[in-house]
Amino acid sequence: MDYAHIHQEDAEVYAAITGEDKRQAEGLELIPSENYVSLAVREAMASTLTNKYSEGYPGKRYYGGQEFTDNVERLAIARAKELFGAGFANVQPLGGANANIAAYMALMQPGDTILGMDLSHGGHLTHGHPVTYISKVFNFVRYGMKDVETGEIDYDALEATAKETRPKVILAGFSAYPRTLDWKRIADIAHGVDALAVADVAHIAGLIAGEALENPFMHGFDVLTTTTHKTLRGPRGGMILTRDDAEIAKKIDKAVFPGLQGGPHMHQIAAKAISFREALQPSFKTYARDVITNAQAMAEVFKAHGTRLLTGGTDNHLILADVWSSFNISGKDAEHRLDEAGITLNKNSIADDTRGPMDPSGIRFGTPALTTRGFNAEECKEVAELMISVLTNGDEKTITDARTRVKEMADAHPVPESFV
Ligand SMILES: *Cc1c(COP(=O)(O)O)cnc(C)c1O
């Protein structure tokens, strides 16, 4: 895209957009919740669908002129269902947070109890962090890991807490947990106390859709919430799926609109439909598998160097490293120093962190974006080695050398324009 009209009309915004384009092209993106979308997805987001009001659902709208918006939303729904083996999909949530809030509203009454992953063990803000409004509406109780070094969830404690607190929902999902969950065990525990099992797969949706990780629906989960822009490689947005329950589906539609949101963003829904079609291609299965292979290759390099990785490694696309104990550098300083070398990732609290949330002990990074650019396991290992050199030694020359090599590797792997 050349942004010719923005260039003509608004030099300030043009400078910001083209600056970001350059940053994304020249650096290495290791934030595990980010990815690169195709040009087809970007064109849909820039389409005239942004002009349209479509409150309601296909065939049941509050405004006229819905011939084409109905079609595009139906396409997105059908493809989402096919991708996840779901009986129902709502593709209107504006993001992952909205999807979670709408799901809570659909499945619970204010004051009801919900059992979710401990936030310091990898849960997301929307899983009831005290700074969120939603934490005041529902009663959040917690489960966590039995052993931080292996990442094993304490399923016995989860079960005991479920029996004791009788939650309406058991929530499984994470933003910073590198291991797989025993979906069946959690679904069984939920159903044993008459709770619904909800999986928030925002981070791993693409790995599930690409069949590189197990699908919670196959193990009895009732509802799945997700973002569409992380490993799923679609536009920024969210969605909610259910396995087969028509009653739950109806409640979810009502909770999203009119319960929580106004008019759906039809340009985003068109972009979702396109990205779902891309994810249905056989090549997406290869992508999903490579994301994990690449993350495991990076983890091996860090482990060989003696770095403390939380949970000891990774089963998915992300890695959590304790840089404070391993490199004697804080998470914030590590983020800053790697940024100078052209490597973008984020500081992250780790379980039992001895430091505060603004400058924690850990960093979190992953391979979805690098894999989209075509990096293989060997190249990911080299990126890990560059990271180790910069974390070990913050002098000018080390950082400049790393930056030069980062630029070369980035140039060798331009962001692909199409995935079909
Ligand atoms: C990213 C994420 C969300 C929130 O998604 P937004 O689109 O940023 O609102 C919710 N849950 C989990 C587990 C996430 O990782």
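Restricting to segment 336-363, name every residue that is assigned to a helix (DSSP H, G or I) and either buried (at least 24 other Cβ atoms within 10 Å of the Cβ) or polar (S, T, N, Q) (or both).
Across segment 336-363, the qualifying residue is only LEU338.
Per-residue answers, yes or no, for (1) open to solvent by 10 Å² or more (accessible area, probe 1.4 Å); (2) part of a helix (DSSP H, G or I); (3) in the same structural domain as LYS146 (by TED's automatic domain parsing):
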| position | (1), (2), (3) |
| --- | --- |
| VAL301 | yes, yes, no |
| ASP315 | yes, no, no |
| TRP324 | yes, yes, no |
| PHE365 | no, no, no |
| PHE375 | no, no, no |
Checklist entry - Yes or no: GLU379 at pLDDT 95 or above, assigned by TED's automatic domain parsing to the domain that holds ASP339, of a type outside the set (Phe, Trp, Tyr) and in contact with a helix residue (DSSP H, G or I) (Cβ under 9 Å, 6 or more places away or on another chain)? => result yes
Checklist entry - Which one is surrounded by the most Cβ atoms within 10 Å (Cβ to Cβ) among residues in segment 234-270 that are over 16 Å from PHE88 (Cβ atoms) and within 14 Å of the ligand (Cβ to nearest atom)? => result GLY234
Item to check | Residues of segment 101-125 satisfying the condition of being at pLDDT 95 or above, out of contact with any Gly (no Cβ under 8 Å at 6 or more places or on another chain) and closer than 24 Å to HIS219 by Cα | outcome: ILE101, ALA103, TYR104, LEU107, MET108, THR113, LEU115
Item to check | Options LEU115, LEU83: the member that is outside any helix (DSSP H, G or I) and crowded, with 21+ Cβ neighbours inside 10 Å | outcome: LEU115
Item to check | Scope segment 177-194; condition buried (at least 24 other Cβ atoms within 10 Å of the Cβ) and either on the phi > 0 side of the Ramachandran plot or touching a residue at least 40 places away in the same chain (Cβ under 8 Å) (or both); matching residues | outcome: TYR177, PRO178
Item to check | Checking LEU94 against (1) open to solvent by 30 Å² or more (accessible area, probe 1.4 Å); (2) away from the ligand (no atom under 16 Å from the Cβ); (3) touching a residue at least 24 places away in the same chain (Cβ under 8 Å); (4) in contact with a helix residue (DSSP H, G or I) (Cβ under 9 Å, 6 or more places away or on another chain), the condition it does not meet | outcome: (2)
Item to check | In segment 210-232, residue farthest from LEU158 (Cα to Cα) [restricted to those that are open to solvent by less than 10 Å² (accessible area, probe 1.4 Å) and of a type in the set (A, V, I, L, M)] | outcome: LEU232
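Name the residues in segment 19-35 that are open to solvent by less than 20 Å² (accessible area, probe 1.4 Å) and modelled with pLDDT of 95 or more, would you?
Quick first cut of segment 19-35, residues open to solvent by less than 20 Å² (accessible area, probe 1.4 Å) only: 27-30, 32.
Correct list: LEU28, GLU29, LEU30, PRO32.
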Item to check | Count of residues meeting criterion [in contact (Cβ under 8 Å) with a residue 60 or more places away in the chain and under 20 Å from ALA187 (Cβ atoms)] in segment 209-233 | outcome: 10
Checklist entry - Condition test on LEU39, is it open to solvent by 20 Å² or more (accessible area, probe 1.4 Å) and more than 14 Å from the ligand (Cβ to nearest atom)? => result yes
Item to check | segment 118-140, subset hydrophobic (A, V, I, L, M, F, W, C) and surrounded by fewer than 17 Cβ atoms within 10 Å (Cβ to Cβ), residue farthest from the ligand (Cβ to nearest atom) | outcome: VAL131
Checklist entry - Of the residues that make up segment 377-384, is at least one surrounded by fewer than 18 Cβ atoms within 10 Å (Cβ to Cβ) and farther than 24 Å from ASN35 by Cβ? => result no
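Looking at segment 346-358 only, could you name the residues that are under 12 Å from ALA176 (Cβ atoms) and not acidic (Asp, Glu)? Outline the logic, then answer.
Here is the first cut: in segment 346-358, the residues under 12 Å from ALA176 (Cβ atoms) are 346-351, 353.
Correct list: ASN346, LYS347, ASN348, SER349, ILE350, ALA351.
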Item to check | Which numbered condition VAL406 fails, given (1) open to solvent by 30 Å² or more (accessible area, probe 1.4 Å); (2) touching a helix residue (DSSP H, G or I) at 6+ places or on another chain (Cβ under 8 Å) | outcome: (1)
Item to check | Failed item in (1) outside any helix (DSSP H, G or I); (2) surrounded by 18 or more Cβ atoms within 10 Å (Cβ to Cβ); (3) free of Cβ contacts under 8 Å to residues at least 60 places away in the same chain, with GLY65 passing the rest | outcome: (2)
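Going by the conditions given, is LEU75 open to solvent by 40 Å² or more (accessible area, probe 1.4 Å), within 16 Å of the ligand (Cβ to nearest atom) and closer than 30 Å to MET1 by Cα? Spell out how you get there, then give the answer.
On the way: open to solvent by 40 Å² or more (accessible area, probe 1.4 Å): yes; within 16 Å of the ligand (Cβ to nearest atom): no; closer than 30 Å to MET1 by Cα: yes.
For LEU75, the condition - open to solvent by 40 Å² or more (accessible area, probe 1.4 Å), within 16 Å of the ligand (Cβ to nearest atom) and closer than 30 Å to MET1 by Cα - is not met.
Of the residues in segment 26-58, how many are under 27 Å from GLU340 (Cα atoms), part of a helix (DSSP H, G or I) and under 21 Å from the mean Cα position of the chain (by Cα)?
Of all residues in segment 26-58, those under 27 Å from GLU340 (Cα atoms) come to 26-37.
Subset that is part of a helix (DSSP H, G or I): 26.
Retained after the next criterion (residues that are under 21 Å from the mean Cα position of the chain (by Cα)): none.
Going through segment 26-58 one residue at a time, the tally reaches 0.
The values are calculated or read from the model by the stated rules, or taken from the named source; none is laboratory data. Note that the structure is a prediction, hence the values are computed from the model and not measured. Counting neighbours? That spans all protein chains shown, and the Cβs are built from the backbone with ideal geometry, glycine included. In case anyone asks, the SASA skips ligands and DNA or RNA and just uses the protein heavy atoms, side chains included. Shrake-Rupley method; radii C 1.70, N 1.55, O 1.52, S 1.80 Å.
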